[in-house]
Amino acid sequence: IDPGPRTLLIVNGIDVSDAERDGLMRTWSQAVLIEFLEEDLTRSLRALLASRDQLRPSIDVEVDAPNAQVIRAQVTIDPGPVTRVRRVVFEGRTAIPDAELRAGLAARVDLNAAWVEPGPLTLAVEGIYAERGLPKARAEAQPLRFDGDAAELLVRITEGPAAVLEDIITTGVAEARVESATSAIGLQRGQPVLLSTERDARRRLERFYLDLGFRSARVQS
């Protein structure tokens, strides 16, 4: 084992518990390169402060090596004011009811973490829209807006056009079975194409062939 240099983390401006310090040291141990340590520690500290309702901190991280045996990270923090009210607002949403969208997001992402890193939230919004037949929907988080002790996270949604089924084309189906196979697929031209549409249609067609005794039939779409 080569233990490497000793790492020193010095935090000024806030009190950190032993568990919180251990979390910051884990962040340090997982840093791919020392050049990324400032960014990694800043992100972890923002999450820590957000859990204390401090969304407007000033964080300065300086990394140096006093000697070959020591790497030191000195963190100076001004935690800023406490935010007592948080609101997540979805702008441009028409296709999905607000309550339904929020319920879907609550099951997929940590909404509290979105106040520090909104990327997973916007991806989850786009995923919910894709499942409902709007695969080109895009969500973009805007910079936080503050009014006194209240904060607002605005997510701007561009829903885009709905995906609808234009045509069904089958290959490899015997002419005598085209009509029955198309019926088994169970899709109609003009209907919305959801994320599960292709998968479910393929399984229905596989079932159709299995019921006819074609045990080795395979369906691709």
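Looking at Ser51 and the list (1) open to solvent by less than 80 Å² (accessible area, probe 1.4 Å); (2) in contact (Cβ under 8 Å) with a residue 12 or more places away in the chain; (3) within 24 Å of the chain's Cα centre (by Cα), which single condition is not satisfied?
With respect to (1) open to solvent by less than 80 Å² (accessible area, probe 1.4 Å); (2) in contact (Cβ under 8 Å) with a residue 12 or more places away in the chain; (3) within 24 Å of the chain's Cα centre (by Cα), Ser51 is out only on (1).
Please go through (1) of a type outside the set (S, T, N, Q); (2) within 14 Å of Thr158 (Cα to Cα); (3) touching a strand residue (DSSP E or B) at 6+ places or on another chain (Cβ under 7 Å); (4) not in a helix (DSSP H, G or I) for Glu126 and return the number of the only condition it doesn't satisfy.
Evaluating Glu126 over (1) of a type outside the set (S, T, N, Q); (2) within 14 Å of Thr158 (Cα to Cα); (3) touching a strand residue (DSSP E or B) at 6+ places or on another chain (Cβ under 7 Å); (4) not in a helix (DSSP H, G or I) leaves (4) as the failure.
State which residue is surrounded by the most Cβ atoms within 10 Å (Cβ to Cβ) when the search covers only the stretch 135-168 and only residues that are part of a loop (DSSP other than H, G, I, E, B) and of a type in the set (Asp, Glu).
The initial filter retains those residues of the stretch 135-168 that are part of a loop (DSSP other than H, G, I, E, B), namely 135-137, 142-144, 148-149, 159-163, 165-168.
Within this subset, residues satisfying the condition of being of a type in the set (Asp, Glu) are 149, 159, 166-167.
Values: Asp149: 11, Glu159: 17, Glu166: 8, Asp167: 6.
So, considering only residues that are part of a loop (DSSP other than H, G, I, E, B) and of a type in the set (Asp, Glu), the one surrounded by the most Cβ atoms within 10 Å (Cβ to Cβ) is Glu159.
Out of (1) within 15 Å of the chain's Cα centre (by Cα); (2) at pLDDT 95 or above, what's the single condition that is false for Phe90?
(1)
Taking the criterion of being part of a helix (DSSP H, G or I) and open to solvent by less than 60 Å² (accessible area, probe 1.4 Å), would at least one residue in the stretch 71-86 satisfy it?
Among the residues of the stretch 71-86, not one is part of a helix (DSSP H, G or I) and open to solvent by less than 60 Å² (accessible area, probe 1.4 Å), which makes the answer no.
Within the stretch 2-14, is there a residue that is polar (S, T, N, Q), free of Cβ contacts under 8 Å to residues at least 24 places away in the same chain, exposed (fewer than 14 other Cβ atoms within 10 Å of the Cβ) and out of contact with any His (no Cβ under 8 Å at 6 or more places or on another chain)?
No: the stretch 2-14 contains no residue that is polar (S, T, N, Q), free of Cβ contacts under 8 Å to residues at least 24 places away in the same chain, exposed (fewer than 14 other Cβ atoms within 10 Å of the Cβ) and out of contact with any His (no Cβ under 8 Å at 6 or more places or on another chain).
What single numbered condition from (1) closer than 22 Å to Leu134 by Cβ; (2) at pLDDT 90 or above; (3) surrounded by fewer than 13 Cβ atoms within 10 Å (Cβ to Cβ) fails to hold for Leu187?
(3)
Pairs under 8 Å by beta carbon, first residue within 13 Å of Ala139 (Cβ to Cβ) in the stretch 94-123, partner among the charged types (D, E, K, R), six or more apart or different chains?
Between residues of the stretch 94-123 that are within 13 Å of Ala139 (Cβ to Cβ) and residues that are among the charged types (D, E, K, R), the close pairs are Ala95/Arg132; Ala95/Glu159; Ile96/Arg132; Leu101/Arg93; Pro120/Asp110; Thr122/Glu140.
Scanning for something closer than 21 Å to Gly148 by Cα, polar (S, T, N, Q) and either touching a His at 6+ places or on another chain (Cβ under 9 Å) or open to solvent by 60 Å² or more (accessible area, probe 1.4 Å) (or both), does the stretch 25-32 turn up at least one residue?
Taking every residue of the stretch 25-32 in turn, none turns out to be closer than 21 Å to Gly148 by Cα, polar (S, T, N, Q) and either touching a His at 6+ places or on another chain (Cβ under 9 Å) or open to solvent by 60 Å² or more (accessible area, probe 1.4 Å) (or both).
Out of the residues in the stretch 148-178 meeting the condition of being more than 30 Å from Gly80 (Cβ to Cβ) and of a type in the set (Val, Ile, Thr), tell me which one is modelled with the highest pLDDT. Please lay out each step first, then the result.
Residues of the stretch 148-178 more than 30 Å from Gly80 (Cβ to Cβ): 158-178.
Subset that is of a type in the set (Val, Ile, Thr): 158, 164, 168-171, 173, 178.
Numbers: Thr158: 97, Val164: 89, Ile168: 90, Ile169: 90, Thr170: 91, Thr171: 92, Val173: 93, Val178: 92.
Here the answer is Thr158.
Taking the stretch 88-123 on its own, how many of its residues are open to solvent by 70 Å² or more (accessible area, probe 1.4 Å), more than 11 Å from Val155 (Cα to Cα) and of a type in the set (D, E, K, R)?
Number satisfying all stated conditions: 5.
Which one is nearest to the chain's Cα centre (by Cα) among residues in the stretch 200-221 that are surrounded by fewer than 11 Cβ atoms within 10 Å (Cβ to Cβ) and not small (Gly, Ala, Ser)?
Once the filter is applied, the top-ranked residue is Gln220.
The values are calculated or read from the model by the stated rules, or taken from the named source; none is laboratory data. Source: prediction; values computed, not measured. When we count neighbours, we look across all protein chains shown, and the Cβ atoms used for this are built from the backbone with ideal geometry, even at glycine. Heads up: the accessible areas ignore ligands, DNA and RNA and are worked out on the full protein's heavy atoms, side chains in. Shrake-Rupley method; radii C 1.70, N 1.55, O 1.52, S 1.80 Å.
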